Amino acid sequence: GRDIPGTGCYEFTYRCERDMGEEQQAQWYVRDTLIGLANAFTHIGPGILFDCSTVYYNTLWGGSGLLRRGPFGYPKPSYVGYAVATRVMDRVVFRRQIPTGSGTFYAVAFDRADGRQVTALWAARGEADLAVDFEADGTVTEIEMFGNSTARATSGRRLTATAGTSPLYLVSDHPVASVGVTARRFPRDARRAAAARVVAPLRDAAALAV
């Protein structure tokens, strides 16, 4: 009978770049963070701060840090993505999840402590062209996952943008009214398909007998 919100435990999410690559580790950690913020988690701690310097490094958990193992502790791309998310999303309050017309493209809006709005956009796979409508015209700062930013202005209360598996932040004077996906592309899947080959067509069960 108690209204107790969910939160992230000590092993909330562990993403090892040995399995998925450095870029995807960063993407997934930042997306984990955004999902935690949208659900009002009181603890959000993707992975560990640095890879373990012991043999524990060879496990999923010991090698999933934001920094590399000692003695140098070099930052991974996920460290940069987490730092940008911390700067952009500091003290935000969840506003709403905005329907996009797609079950695999997400738009989550927050109120910032400075009075501006921030909307995080990302795709589960591929990339999408977007038509983003605001409640009023104003300036928008478009910030990519690793911190590159561009100052833009709406026209007719609309802004067009492109977002993919790396989250994109739109920091605006006015709330986003709607987000529409106008096109989808899957370039990584296309590259994988071009390099794929058929190992067994499975047309004849007898041919598979051992």
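Name the trypsin sites (Lys or Arg not before Pro) in region 108-149 that are in a loop by DSSP and that have at most 14 other C-beta atoms within 10 Å, would you? Don't jump to the answer; show the numbers that get you there.
Numbers: sites: Arg112, Arg116, Arg125; in loops: Arg112, Arg116, Arg125.
Answer in residue order: Arg125.
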Problem - Folded to 0 to 90 degrees: helix 22-38 orientation relative to the chain principal axis, Cα - result: 50 degrees
Practice task
Evaluate the distance, in nm, between pseudo-label points positioned 7 Å from the Cα of Val93 and of Phe12 along their respective Cα→Cβ axes.
Solution key: 2.1 nm
Completion exercise
Percent relative contact order for region 49-90, counting Cα pairs under 8 Å at least six residues apart, stands at 31 percent
Problem - Gyration tensor (alpha-carbon) shape descriptor, the chain, a/c threshold 1.5 - result: oblate
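For the chain, what is the mean residue ellipticity at 222 nm derived from helices alone (per DSSP H run of n ≥ 4: -39500 (n - 2.57); sum divided by total residues; nearest 500 deg cm²/dmol)? Write down the numbers at each step before the final one.
Working: 4 runs with 42 residues, N = 210.
After summing the helix terms and dividing by residue count, I get -6000 deg cm²/dmol.
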Exercise for the section: Rank Ala193, Ala161, Ala205 by how far each Cα sits towards the positive end of the charge dipole of region 159-210 (+1 on Lys, Arg Cβ; -1 on Asp, Glu Cβ) and give me just the farthest. Expected result: Ala205
Practice task
Please list the non-local residues whose amide H lies under 5 Å from the amide H of Arg15, H modeled 1.01 Å from N, same-chain partners needing a gap of 5 or more.
Solution key: Gly47
Problem - the chain, accessible surface, carbon-and-sulfur percent (1.4 angstrom probe) - result: 55 percent
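Find the accessible area per residue for the chain; the probe is 1.4 Å, ligands and nucleic acids are left out, and the unit is Å². Show your work: numbers first, answer last.
Numbers: 11880 Å² over 210 residues.
Per-residue value: 57 Å².
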Fill in the blank from the handout: Mean separation of Cα contacts under 8 Å (at least 6 apart) over the residue count of region 125-202, i.e. the relative contact order in percent, is 43 percent
Practice task
Please tell me the relative contact order of the chain in percent, rounded to the nearest whole number, where contacts are Cα pairs under 8 Å and at least six residues apart.
Solution key: 16 percent
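Taking the mean number of other Cβ atoms within 10 Å as a proxy for protection, how do you rank 86-98, 126-138 from highest to lowest?
Working: 86-98: 13.9, 126-138: 17.1.
Going from most to least packed, we get 126-138, 86-98.
Quick check on packing: order 177-183, 6-12 by the mean number of other C-beta atoms within 10 Å, highest mean leading. If you can, show how the numbers build up before the last one.
Working: 177-183: 15.4, 6-12: 12.1.
Output ranking for 177-183, 6-12: 177-183, 6-12.
The values are calculated or read from the model by the stated rules, or taken from the named source; none is laboratory data. Being a predicted model, the structure only gives us computed values, none of them experimental. We place every Cβ from the backbone using ideal geometry, glycine too, and count neighbours over all the protein chains shown. Heads up: the accessible areas ignore ligands, DNA and RNA and are worked out on the full protein's heavy atoms, side chains in. Shrake-Rupley method; radii C 1.70, N 1.55, O 1.52, S 1.80 Å.
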